[in-house]
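Following: one structure in structure tokens, then a few remarks.
The values are calculated or read from the model by the stated rules, or taken from the named source; none is laboratory data. All values reported here derive from a predicted model rather than from experimental measurement. Note: ideal-geometry Cβ built from the backbone for every residue, glycine included; neighbour counts use all protein chains shown. Areas reflect the complete protein model, heavy atoms only, side chains present, ligands, DNA and RNA absent. Shrake-Rupley method; radii C 1.70, N 1.55, O 1.52, S 1.80 Å.
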Amino acid sequence: ADKKRSDTEKRKILQEAMDRFRRCESWEATARSRFRDDVKFTEADAYNMWQWPAEVQASRTKRPMLTINRARQHALDILNDARQSRIAVKIRPVRGGATYKAAEMLEGVIKHIEYASNANSAYQSALKFGVQGGIGYVRLATDYMGDDTFDQDVFIRGYFSSDAVLGLYLDPDIKEFDGSDAKFGFAFTDMVRDEFEAAYPKFKDTASSAEGGLGTGGELQGAGKVRICEYFRCVQEDAKLVRYIDPATGQEAIKTAAEIDKEMLAAVIDDPSTAMRQIVLTKVEHFKIIGDNIAEENEWPGKYVPIIRCVG
């Protein structure tokens, strides 16, 4: 549910998002230009002439220009080999009372999510752009399971065009190959103006007026579309982890101090078998930004930014 924040807090979040986006944009500018060129070069043919620079085409108006695309076949050799073996998630029980049976059950849940999401297409698309342009992405999202329920499910989303891939940004300071240590990320979506006004009637008069906002900050010139920014950020808070013997069950339990009833915590705190340590909990906040307005705010149910890199 949306949180009630003051206008000052909202302005700070918007400024933080803008500053971080500018960092991402500056850091990836050259790579993104080369990504677009590489994908076009790999997909070139005699009609689109993408392997011929514009200035060379201009100088050869009356001379033949042949395109013999040898790069495409090399890319397909890699992609076709990868398609022979399906990508799958494997869960291994290693600690905390985990069992082989529980791991099998969780794998079944994940297979259901992959089936419902047509995840194989998302995986193959990420791999394709990873091979052709150097990087592809897969996204996790939550949505209602139907129009007759309040239950939500997890879905795996893919990006099937180079423009869609270029609408994703991750923290430039990541160290992990898959970007799992990212502190923030952005996902931009372009909506047709009429669809946007139907979905967000409150913002139809302000979306195109916020020049200098995230991305274009408003309506795309000449395209009749509005750009929407999804901003994810990790927020950390200190907590205490407690390992204790539950008096009611006689079993060992591990919880944060905030999760334990105050009377229970007072009863077990002096027990010699009780152990405590300081930890840092991470939660992910999700903001939907239109122009210079926060249209929606939710807490993402996880501790990672749900944008996964596939690096070629």
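Side notes on the structure shown:
- Projecting label points 7 angstrom from Cα along Cα→Cβ for Met65 and Glu104 puts them 6.1 nm apart.
- Cα gyration tensor shape for region 9-98, rounded if a/c is under 1.5, else prolate or oblate: oblate
- Projecting the Cα atoms of Leu241, His74, Phe287 onto the charge dipole of the chain (Cβ charges, centred on the Cα centre) puts His74 farthest toward the positive pole.
- For Ala126, net neighbour charge (Lys/Arg +1, Asp/Glu -1) across residues whose Cβ lies under 10 Å away: +3
- Cut-off 11 Å between beta-carbons: net charge of the residues surrounding Tyr304, Lys and Arg +1, Asp and Glu -1: 0
- Contact order normalised by residue count of the chain, Cα under 8 Å, 6+ apart, percent: 18 percent
- Under a Gaussian network description of the chain, with springs only between Cα atoms under 10 Å, the residue in Val94, Val280, Val39 that fluctuates furthest is Val94.
- Most mobile of Glu237, Glu197, Glu107 in a GNM of the chain (Cα contacts under 10 Å): Glu237
- Accessible surface of the chain [probe 1.4 Å, protein heavy atoms]: carbon and sulfur percent: 51 percent
- Å² of accessible area per residue within region 264-312, as computed with a 1.4 Å probe and no ligands counted: 53 Å²
- Phe184, Phe177, Phe203, ranked by accessible area, largest first (probe 1.4 Å): Phe177, Phe203, Phe184
- Gaussian network model of the chain, Cα within-10 Å springs - most flexible of Ile113, Ile135, Ile91: Ile91
- Across the options Tyr47, Met264, Cys229, the greatest Cα extent toward the positive end of the charge dipole of the chain (unit charges at beta carbon of Lys, Arg, Asp, Glu) belongs to Tyr47.
- Met191 contributes about 40 Å² of solvent-accessible surface, heavy atoms of the protein only, 1.4 Å probe.
- Net charge of the neighbourhood of Leu265, taken over other residues with C-beta under 14 Å away and scored Lys/Arg +1, Asp/Glu -1, is -2.
- Lys, Arg +1 and Asp, Glu -1 on Cβ, resulting dipole of region 1-109 about Cα centre, debye, nearest 20: 240 debye
- Overall dimensions of region 223-275 by Cα: Rg and Dmax, Å: 20.5, 68
- Overall form of region 14-161 per C-alpha gyration tensor (a/c, 1.5; a/b vs b/c): prolate
- Dipole in debye (nearest 20) - the chain, about Cα centre, beta carbon charges: Lys, Arg +1; Asp, Glu -1: 1280 debye
- Overall, region 48-173 carries a charge dipole of about 860 debye about its Cα centre when +1 sits on the Cβ of Lys and Arg and -1 on the Cβ of Asp and Glu, all other atoms neutral.
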